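The values are calculated or read from the model by the stated rules, or taken from the named source; none is laboratory data. Just so you know, these numbers come straight off a predicted model, no measurement behind them. Counting neighbours? That spans all protein chains shown, and the Cβs are built from the backbone with ideal geometry, glycine included.
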Ligand SMILES: [Zn+2]
């Protein structure tokens, strides 16, 4: 379970300039979460991130709707939430404890829920720092980003999906409405992003984002419709008896 420390607000951010489209994973290059807060508290360091995690602890430095100075890239700094994973060991390995990774995945699921990013997918709405800037960061976590997305999606599913035991017609209508909106959006989205990112944008998985999300929504909708049909069939059976 995430244990939230008191926030340590950083002076280093772009006020109100974060239109959240994804998450960037970092390693902190330190073994102390307190040291992260100290670094981000200095304006002269010109660095920040939204969160750091260590073991069960989570600490926030920048509001999610403000752009943190974490990725060395204008688009990423104004469209993503940055999470620092505090290391378990220093140079040269910079390992990260599994409990820290788990807390990071819980936080990713939490962010996905609040910003409608589910399902999380590498290069689509989750990146490593080095995807935006020439850096070693996020170190050992870079090769685990697919795994971390899967784990965060499982946490999301267990937390936010399975508990919806009663499927109402309103739920189904809401999802159908979102499907329709996403289909309409996707007509514009690819064209916009192609202009903005150019051919390299494909590396960020941008061009398939909407069609993928629409398919996920349709998939989720079908599961709910199916559950509804099963529930009604069970009621009919009960009435027969
Ligand atoms: Zn980084």
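Here residue 146 clears all of (1) surrounded by fewer than 20 Cβ atoms within 10 Å (Cβ to Cβ); (2) assigned to a loop (DSSP other than H, G, I, E, B) except the condition numbered (2). Residue 88 falls short on exactly one of the conditions (1) surrounded by 15 or more Cβ atoms within 10 Å (Cβ to Cβ); (2) within 16 Å of the ligand (Cβ to nearest atom), and that condition is (2).
Among what's in region 33-64 and is in a loop (DSSP other than H, G, I, E, B) and within 16 Å of the ligand (Cβ to nearest atom), pick the residue that is surrounded by the fewest Cβ atoms within 10 Å (Cβ to Cβ). Among them, the one singled out is 46. Here residue 77 fulfils each of the conditions (1) without any contact (Cβ under 8 Å) to a residue 40 or more places away in the chain; (2) under 20 Å from the mean Cα position of the chain (by Cα) apart from (1).
Within region 1-19, the set of residues being crowded, with 20+ Cβ neighbours inside 10 Å and in a loop (DSSP other than H, G, I, E, B) comprises 10, 12, 18.
Sort out which residues of region 74-85 are within 14 Å of the ligand (Cβ to nearest atom) and not in a strand (DSSP E or B), and write them in order of number. Listed by number, the residues that qualify are 76, 77. Checked against the criterion of being part of a helix (DSSP H, G or I), within 16 Å of the ligand (Cβ to nearest atom), surrounded by 18 or more Cβ atoms within 10 Å (Cβ to Cβ) and in the same structural domain as residue 1 (by TED's automatic domain parsing), region 21-31 has no qualifying residue.
State which residue pairs qualify: first residue in the same structural domain as residue 219 (by TED's automatic domain parsing) and under 25 Å from residue 160 (Cα atoms) and inside region 118-133, second residue within 10 Å of the ligand (Cβ to nearest atom) and modelled with pLDDT of 95 or more in any location, beta carbons under 8 Å apart, and separation of 6 or more residues or different chains. Correct list of pairs: empty, since none qualify. Could we say that residue 71 is assigned to a loop (DSSP other than H, G, I, E, B), touching a helix residue (DSSP H, G or I) at 6+ places or on another chain (Cβ under 6 Å) and within 16 Å of the ligand (Cβ to nearest atom) here? Here the answer is yes, as residue 71 does meet what is asked. Quick one: in region 117-142, of everything that is in a loop (DSSP other than H, G, I, E, B) and under 21 Å from residue 54 (Cα atoms), which residue is nearest to the ligand (Cβ to nearest atom)? The residue in question is 137.
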